[in-house]
Every structure is written in C-alpha cells, then in structure tokens.
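Here the structure comes first, spelled out in structure tokens, and everything after it is commentary.
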Amino acid sequence: QVQLVESGGGLVQAGGSLRLSCAASGSILSFNVMGWYRQAPGKQRELVASITHSGSTAYADSVKGRFTISRDSSSNTVYLQMNSLKFEDTAVYYCNAKTQIWYYWGQGTQVTVSS
C-alpha cells in the first residue's frame, strides 16, 4: 500500500513563500505522474502542478511563474515551491500519485494566505 505524506503547509502573508513536501513510501519513479492538487472551501479539487516519470512538468495557468514542482528520487519526495502567494491560493493541498492502474492521495496540508 502506497502512502503519501504531505508537510510544509501553514499560514503566510500575501507575497510570501512556502515549500510543500510529499514523501512517498515507495520509489516515486514507479509512478507515471505525481502531482499537487488543491481544494478551496466550496470549490472543486483542481490540479496545480504535475511531474511525469520522465521529468516533464505542467502547471495550472493560475500558478505559472509562481510555483515550481520538483522531485528528489533519492528521498522519494516531491516538492511544491510556492512563491508570491496570493489570498486565492488558500486551500488544502493534496499530493497525488498515479500508476497505470491506480492512483493514491495524501491526507492534505492546509495553506492559508492572509491578505
């Protein structure tokens, strides 16, 4: 059973930065794609950023230029560096990992940006 554990969330002022971490219980290179999603109150969960097995990255338009997804295969950890945070980035952020036949979610970490 794969486990994903997020950390790094918290309260930050607008314009500040946070780095989220997602530690996987197995090799992250065994997944086709890993990504960060977020869900704000009353809204649907949305994809923020993703990184494929080959290292290709993709971002939601709302975070391009401000967020960076990266990985460290030696520690089986995926990161989300979030800069120039805005009030509207406030949400619970979830780590996701997909294989060809299944997908996994972490428990989420709260990010709150004060205006």
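What to note about this one:
- With only Cα atoms counted, region 1-68 has Rg and Dmax values of 13.3, 38 Å.
- Region 5-115: Rg to Rh, with Rh as the Kirkwood radius over Cα pairs: 0.95
- Measuring between their Cα centroids, region 64-110 and region 1-46 lie 3 Å from each other.
- Taking only the C-alpha atoms of region 50-112, Rg followed by Dmax gives 12.6, 36 Å.
- Once backbone amide H atoms are built at 1.01 Å from N, THR90 has VAL113 as its partners under 5 Å, excluding neighbours fewer than 5 places away on the same chain.
- FRET efficiency, 1/(1 + (r/R0)^6) with R0 30 Å, evaluated for GLU88 and SER56 via beta carbons: 0.70
Here, each number is a calculation from the coordinates, and none is a lab measurement. All values reported here derive from a predicted model rather than from experimental measurement. All Cβ positions, even for glycine, are placed from backbone atoms using ideal geometry, and neighbour counts span all protein chains on display.
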